1. Can you give the percent of C-alpha pairs in the stretch 115-170 whose distance is more than 16 Å?
2. State the percentage of accessible surface on the stretch 47-179 attributable to carbon and sulfur atoms; use a 1.4 Å probe and exclude ligands, DNA and RNA.
3. If I model a spin label at ASP148 and ASP93 as a point 7 Å from the Cα along the Cα→Cβ vector, what separation in nanometres do I get?
4. Under the 0.36 nm per residue contour assumption, what length would be gained going from the current alpha-carbon distance of LEU159 and ASP64 to full extension?
5. Please compute the alpha carbon radius of gyration of the stretch 85-179, then divide it by the globular-protein estimate 2.2 N^0.38 Å. Two decimals is fine.
6. What does the accessible area per residue of the stretch 98-156 come to in Å², with a 1.4 Å probe and no ligands, DNA or RNA counted?
7. Cross-link list LYS61/LYS164; LYS49/LYS99; LYS49/LYS178; LYS87/LYS117; LYS55/LYS141; LYS40/LYS117: which exceed 26 angstrom alpha carbon to alpha carbon?
8. Provide the FRET efficiency to the nearest 0.05 for the GLU118-ARG42 pair, computing r from the beta carbons and using R0 = 25 Å.
Amino acid sequence: FFSVSRVGNCSFPPGIFFSEMGQDKLNFDRPEEEIIAEAKERGYEYYYKPVPWLKVGEYVKINDRPYKVTEITTGKSGKHGKMGFNKYIAGVDVFTGEKRETHIYECNVCIPFVQSKEYMVINLTHEGVLTLMDEETSEQKEFPIPEDALGVQIREAFLSEDVKVTVVTALREERITKF
């Protein structure tokens with residue numbers, strides 16, 4: 001079952017990319033890798049990309065959630081043109097696995113930065129807090145255990161073996177997605 005949503009109107013001129021505050025401009029006359037590096041350097045959580053350049057497997061922000069694109073189809077241009085901007089996009093939420101589809105009529109689409117990192121579970125408290133350790137840097141952090149079937153599986157596995165979990169970070173949200 002898919003839920004349908006629509007992304008808001010395009011408020012960014014083609015080829016110009018803005019931060020959340022709308023003050024810093026990132027010109028897309030350069031390679032996309034440079035744009036991404038600059039956006040990450042400035043601490044942005046996402047950047048904008050022309051809709052026709054979107055590909056299956058990339059991430060897209062729909063209704064303030066990060067989705068991995070699973071399908072893209074292009075609709076026919078309407079009476080007033082906008083060829084290539086009428087796109088049907090289907091995707092899967094990177095945190096919940098929820099499927100969503102949407103139509104995009106804008107010139108640009110928001111591409112969030114999605115990072116995934118593996119941690120070793122070194123402790124599990126009775127309150128349901130995991131102590132995770134990055135094996136590369138030995139950095140430790142506490143993280144609440146998921147309150148779903150994944151959390152139950154992690155609890156059971158932790159009692160009998162070494163457990164590694166994958167934490168996904170996107171749009172100021174972090175979640176354990178698998179172990």
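The values are calculated or read from the model by the stated rules, or taken from the named source; none is laboratory data. Everything numeric here is computed off the predicted structure, so don't read it as measured data. Counting neighbours? That spans all protein chains shown, and the Cβs are built from the backbone with ideal geometry, glycine included. Calculation scope for accessible area: heavy atoms of the full protein, side chains included, ligands and nucleic acids excluded. Shrake-Rupley method; radii C 1.70, N 1.55, O 1.52, S 1.80 Å.
1. Values: 580 of 1540 pairs.
Cα-Cα pairs in the stretch 115-170 separated by more than 16 Å: 38 percent.
2. Working: 3610 of 7570 Å².
Summing carbon and sulfur atoms, their accessible area is 48 percent of the total for the stretch 47-179.
3. Calculated label separation equals 0.7 nm.
4. Working: separation 95, 0.36 × 95 = 34.20 nm, distance 3.68 nm.
Length gained between LEU159 and ASP64: 30.5 nm.
5. Details: Rg = 16.8 Å, N = 95, 2.2 N^0.38 = 12.4 Å.
For the stretch 85-179, the normalised Cα radius of gyration is 1.35.
6. On the way: 3420 Å² over 59 residues.
It amounts to 58 Å² per residue over the stretch 98-156.
7. From the list (LYS61/LYS164; LYS49/LYS99; LYS49/LYS178; LYS87/LYS117; LYS55/LYS141; LYS40/LYS117), the Cα-Cα distance tops 26 Å for LYS61/LYS164; LYS49/LYS178; LYS87/LYS117; LYS55/LYS141.
8. Details: r = 27 Å, r/R0 = 1.07.
According to the calculation, E is roughly 0.40.
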